[in-house]
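**Student:** Input: one structure, supplied below.
Values in this text are rule-based calculations from the coordinates and carry no lab data. For clarity, every value in this text was computed on a predicted model and none was experimentally measured. Here the Cβ is made from the backbone with ideal geometry for all residues, glycine too, and neighbour counts use every protein chain on show.
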Amino acid sequence: MTHQFSALIVILPLVVSFFVFLSNWWLKKTGYLLALTALFCCLLLSIGILDLVIASGVIHYRLGGWLPPWGIEYYVDTLNAIMLVLVSFLSFLTAVFARKSVEIEIPEKGALFWALYLLLMTGLLGIIVTGDLFNLFVLLEVASLSGYVLIAVGEKRSLFASFRYVVIGTMGASFYLLGVGYLYITTGSLNMVDLSLLLPKLYTSKVVLAGFIFILIGLGIKTALFPLHGWLPDAYTYAPTAVSAAVAPLMTKVMAYAILRIMFTVFKAEFPVTVIEVTDVMVWTGTLAMLVGGVMALSQSDFKRMLAYVIVAEIGYIIGGIGVANATALKGAVFHIINDAVMMACLFMVAGLIVYKTKGHRIDNFIGFFRVMPVTAVVFTVGALAVIGVPPTCGFFSKWYLLLGGIEDHQWFFVAALLICTLINVALFFRIFDKGIYLHAHGQNLDAGVAAIDTPGNDAPISMWLPALVLALVILLIGVFNQVIVETVIRHAVPAGI
Amino acid sequence: MIVDAVTLLLVSKINYWIYIVLMMLGLYAMMTKKNLVKKIIGMNILQTAVILFFISISAKNNATIPIIEHGQTSSHSGVQAVDYINPLPHVLMLTAIVVAVATLGVALALVIKLFNQYGTLEEDEIIARLEE
């Protein structure tokens with residue numbers, strides 16, 4: 001039974017999503033429960049897979065019994081396993097959180113929303129688990145297409161944002177597919193492990209180079225790597241709260257994972273680092289992404305939009321860390337993928353709680369929220385401190401590894417940008433602390449704030465704040481147990497040969 | 001001599017040239033056209049270009065469709081890879097076509113919604129309305 005886990009984790013949400021879809025016309029109420037159960041089972045399965053991988057090493061699962069490289073293979077090592085746990089854990093918590101906000105924001109969609117949500121998770125889990133380049137493309141499109149639709153059901157402006165995302169996202173997917181085609185011409189294989197054996201002889205080939213660059217640009221668009229991030233801020237700002245809390249932390253991180261996979265599994269570390277030296281470019285784009293993301297975030301008056309630009313900056317940390325390409329920085333990058341997903345999910349949930357109370361997500365809506373919503377305030381404080389990188393929250397430790405890695409490799413601009421970005425984050429979040437705590441300093445804008453709408457101590461319903469509080473706890477726990485996590489899991493997730 | 005070489009390059013690789021032209025056309029339409037439907041058409045042309053690329057890499061000279069007919073080459077197994085075009089890219093592209101159709105469907109649905117909301121399909125008019 002256990003060896004089927006890696007296939008079940010994709011098949012389960014896929015099959016259940018059809019039943020959820022049908023339940024919309026039959027038993028409306030069961031749709032949500034079905035989806036929640038499926039996501040919970042995914043969480044259990046992913047924990048089972050992680051346990052299996054730690055105990056007995058890499059899992060190769062052959063779909064339909066076809067031997068690789070002819071059949072599609074699911075390939076799970078420590079890196080995938082921990083990503084699986086991350087995605088299924090966050091998607092489950094967000095589903096718990098989202099019930100109320102979906103009921104309020106998009107009441108007429110109901111079960112259809114949950115069917116799409118499950119399809120999105122199918123795509124994301126599939127991208128992580130698959131060991132086949134073409135299969136990755138298909139699942140990428142499954143995730144993206146459901147993402148487009150989920151974003152489009154949001155506020156009024158979300159339609160146009162989603163349309164832009166469709167156009168740019170399809171461009172990215174087409175580039176990726178083209179790159180896969182180039183690799184297929186030269187090697188005749190689509191299996192990642194098989195490719196990694198066939199490619200080293202061809203590292204000087206121009207076709208392989210073109211294929212690699214196409215794949216990297218395609219995935220870069222999907223990761224929202226600066227300067228390809230244009231679609232992200234609008235899409236994540238106007239999406240429904242439940243969607244931005246799920247899509248924003250996960251989609252970009254899973255794509256960053258795919259970049260890691262391509263660079264260090266399909267190609268060996270030698271190719272990107274020494275043969276074509278693409279990692280230098282990545283350090284620079286990462287550095288620029290941090291600075292641009294940070295500065296743009298500073299100039300926003302909308303909380304969700306600000307978070308969207310923070311994501312652009314965080315992607316800069318991850319890609320820059322991959323670009324530095326020594327063991328310490330890569331540990332930092334992998335660790336930051338996990339931490340950033342948790343932090344962003346936490347903060348987007350805070351945005352959701354504020355939307356629940358005030359129907360808006362501008363920073364002015366936060367005025368006085370410490371008094372009105374004590375639990376939200378605690379969650380927000382933990383999340384904000386994590387993004388800034390204050391110990392003992394998890395954000396500190398991944399940044400620490402990235403910094404150490406940068407110093408080891410003498411990437412001084414990267415190190416400087418990291419520190420500057422941290423300072424910018426301080427400014428970003430203390431602006432909100434200021435609005436949240438000190439009521440009387442903001443005489444003229446008071447009406448928009450949560451304090452003007454509600455009485456002190458009257459927080460959002462428990463089904464909404466509990467998942468957020470759990471995430472805040474997770475942020476602290478990852479921080480406290482960072483050494484255990486890095487030593488038992490992340491260390492093995494770092495690609496070999498660096 | 002040079003003319004011959006150039007024509008050879010153009011003619012023998014005509015499928016790749018067409019794929020490049022189609023791809024550029026698609027990208028051009030997606031980036032410069034103001035009309036949303038034209039953007040979608042550009043998107044579809046781009047996807048078709050990728051499909052053409054994949055299909056043309058499977059072609060071989062003097063090869064037939066990959067349906068095995070025993071005894072055709074008179075040897076016992078009857079199967080020589082050179083006699084058959086590579087079926088795998090065709091299969092991959094069937095999936096890619098499905099993906100392209102699904103993307104087209106989502107994009108068109110979004111355009112209908114956008115038209116209902118703004119009464120126009122011109123990008124600049126929609127942006128002007130958004131900035132109001």
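**Student:** Report the full-extension gain for the segment residue B:109 to residue B:83: residue separation times 0.36 nm, less the Cα-Cα distance, to one decimal in nm.
**Tutor:** 4.9 nm
**Student:** Give me the Å³ per residue figure for the convex hull around the C-alpha atoms of chain B.
**Tutor:** For chain B, the hull spanned by Cα atoms encloses 120 Å³ per residue.
**Student:** Remind me, what semi-axes does region A:50-153 give for its equivalent ellipsoid, largest first in whole Å, using sqrt of 5 times each Cα gyration tensor eigenvalue?
**Tutor:** 30, 17, 9
**Student:** Over all directions, what mean area does the Cα convex hull of region A:376-438 project, stated in square nanometres?
**Tutor:** Averaged projected hull area, Cα only: 4.2 nm².
**Student:** Still on this structure, I have one more. Over all Cα pairs of region A:277-498, how is the pair count split among 10 Å bins, expressed in % and running from 0 up to the last occupied bin?
**Tutor:** Here the calculated profile for region A:277-498 is 9, 34, 32, 17, 7, 1.
**Student:** With each pseudo-label sitting 7 Å past Cα toward Cβ, what's the residue B:91-residue A:413 distance in nm, one decimal?
**Tutor:** 4.7
**Student:** With Cβ to Cβ distances under 13 Å as the rule, what net charge do the other residues near residue A:29 carry (K, R +1; D, E -1)?
**Tutor:** Net of charged neighbours comes to +1.
**Student:** Right, here's the next one. Towards the positive end of the charge dipole of the protein assembly as shown, with charges on Cβ (+1 Lys, Arg; -1 Asp, Glu), say which of A:217, B:14, A:145 has the farthest Cα.
**Tutor:** Most positive-ward Cα: A:145.
**Student:** DSSP H helices in chain B with Cα extent of 24 Å or more along the helix axis and mean Kyte-Doolittle hydropathy at least -1.0?
**Tutor:** Within chain B the helices that satisfy the rule are B:14-32, B:36-57, B:88-118.
**Student:** Can you give the charge dipole size of region A:277-498 about its Cα centre, rounded to the nearest 20 debye, using +1 on the beta carbon of Lys and Arg and -1 on the beta carbon of Asp and Glu?
**Tutor:** Computed charge dipole of region A:277-498: roughly 420 debye.
**Student:** Give me the percent relative contact order of chain A, please, defined on Cα pairs under 8 angstrom at least 6 residues apart.
**Tutor:** It rounds to 15 percent for chain A.
**Student:** Okay, moving on. Report, largest value first, the span of the C-alpha coordinates of region A:196-302 along each principal axis, in whole Å.
**Tutor:** Projected onto the principal axes, the Cα atoms of region A:196-302 cover 52, 26, 18 Å.
**Student:** Something else: Largest first and in whole Å, what are the equivalent-ellipsoid semi-axes of chain A based on the Cα gyration tensor, each being the root of 5 times an eigenvalue?
**Tutor:** 35, 27, 20
**Student:** Okay, next question. Please work out the FRET efficiency for the pair residue A:104 and residue B:35, using the Cβ-Cβ distance as r and a Förster radius of 30 Å; give the result to the nearest 0.05.
**Tutor:** 0.25
**Student:** Just need the relative contact order of region A:277-498 here, percent rounded to a whole number, with Cα pairs under 8 Å and 6+ apart.
**Tutor:** Relative contact order comes out at 29 percent.
**Student:** Once the piece of chain linking residue A:295 and residue A:423 is laid out straight, how much longer is it, given 0.36 nm per residue of separation minus the C-alpha distance between them?
**Tutor:** Length difference between fully extended and current span is 45.0 nm.
**Student:** If the only charges are +1 at each Lys and Arg Cβ and -1 at each Asp and Glu Cβ, what is the size of the charge dipole of chain A around the Cα centre, to the nearest 20 debye?
**Tutor:** 620
**Student:** Note the full-extension length gain between residue A:327 and residue A:3 as 0.36 nm times their separation in residues minus their Cα-Cα distance, in nm to one decimal.
**Tutor:** Length gained between residue A:327 and residue A:3: 113.6 nm.
**Student:** Rounded to the nearest 500, what is chain A's calculated 222 nm mean residue ellipticity when only DSSP H runs of at least 4 contribute -39500 (n - 2.57) each, over all residues?
**Tutor:** -24500 deg cm²/dmol
**Student:** Which of A:422, A:356, A:303 sits closest to the plus end of the dipole of region A:277-498, meaning its Cα is farthest towards the positive end, when Lys and Arg get +1 and Asp and Glu get -1 on the C-beta?
**Tutor:** It is A:356, whose Cα lies furthest towards the positive end.
**Student:** Which chymotrypsin sites (Phe, Trp or Tyr not before Pro) in region A:62-95 pass both tests, a DSSP loop state and at most 13 other beta-carbon atoms within 10 Å?
**Tutor:** Within region A:62-95, the qualifying chymotrypsin sites (Phe, Trp or Tyr not before Pro) (loop, at most 13 other Cβ atoms within 10 Å) are A:66, A:70.
**Student:** Related question: Hey, if you put +1 on the Cβ of every Lys and Arg and -1 on every Asp and Glu Cβ in chain A, which of A:238, A:252, A:93 ends up farthest toward the positive end of that dipole?
**Tutor:** My answer, from the dipole projection, is A:238.
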